[in-house]
Amino acid sequence: MQIESYFQQIRDALAACCVLRASNVTYDQRGAYEGFIRGELYFVDGSVLHFREAVDTELTLDRLMYTYQYMAATKVLIFRYDNTGHHKMLNLSTYPHHKHEGSEEHVVASSAPGLTAVLSEIEGLVQLPS
């Protein structure tokens with residue numbers, strides 16, 4: 001798959017997100033199959049998702065690096081998924097993939113979710129204004 005096709009999948013996921021209010025996303029194509037995406041997604045309750053992905057799509061979709069940090073409107077961490085190798089001592093079964101829940105210190109094993117899965121999780125957390 002060409003990187004532009006993956007970028008379009010991300011655009012489509014953002015367009016389909018029912019709780020997204022605004023976004024600021026940069027797509028950086030670094031070859032036919034490589035790219036970097038970064039952005040901020042603003043939700044209707046004031047929460048925000050900061051994310052980055054370095055992606056290679058030549059053989060399979062390979063997210064070489066990712067971070068999805070979801071913050072409440074009060075700037076308190078709700079969760080962060082990433083694959084930074086800084087928690088090797090915890091012996092997580094999914095290392096280097098992990099999730100911070102509610103604080104930097106609370107780290108749990110996690111699969112490597114994509115942005116679509118993270119958006120689905122956020123949709124379940126965001127309270128729609130009445």
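Since every read-out is calculated from the coordinates, none of them should be taken as a lab result. Note that the coordinates shown come from a computational prediction; the quantities given were computed from them, not determined experimentally. Positions of Cβ are generated from backbone atoms using ideal geometry, with glycine treated the same way; all protein chains shown enter the neighbour counts.
A few comments on the model shown:
- Residue 74 without any contact (Cβ under 8 Å) to a residue 24 or more places away in the chain, touching a Gly at 6+ places or on another chain (Cβ under 8 Å), within 25 Å of residue 123 (Cβ to Cβ) and surrounded by fewer than 12 Cβ atoms within 10 Å (Cβ to Cβ): no
- Single residue of region 77-100 satisfying the filter (part of a loop (DSSP other than H, G, I, E, B) and loosely packed, with under 15 Cβ neighbours inside 10 Å) that is farthest from the chain's Cα centre (by Cα): 91
- Residue count for region 1-56, restricted to those that are in a strand (DSSP E or B), closer than 22 Å to residue 73 by Cα and within 15 Å of the chain's Cα centre (by Cα): 15
- Subset of region 106-116 [surrounded by 14 or more Cβ atoms within 10 Å (Cβ to Cβ) and either of a type in the set (D, E, K, R) or out of contact with any helix residue (DSSP H, G or I) (no Cβ under 7 Å at 6 or more places or on another chain) (or both)]: 109, 110, 112, 113, 114
- Scanning region 69-103 for residues that are farther than 18 Å from residue 116 by Cβ and of a type in the set (Phe, Trp, Tyr) yields one hit, 95.
- Residue count for region 117-130, restricted to those that are within 20 Å of residue 62 (Cα to Cα) and either without any contact (Cβ under 8 Å) to a residue 60 or more places away in the chain or surrounded by fewer than 17 Cβ atoms within 10 Å (Cβ to Cβ) (or both): 1
- Among the residues of this structure, residue 103 does not count as one that is free of Cβ contacts under 8 Å to residues at least 24 places away in the same chain, among the polar types (S, T, N, Q) and loosely packed, with under 13 Cβ neighbours inside 10 Å.
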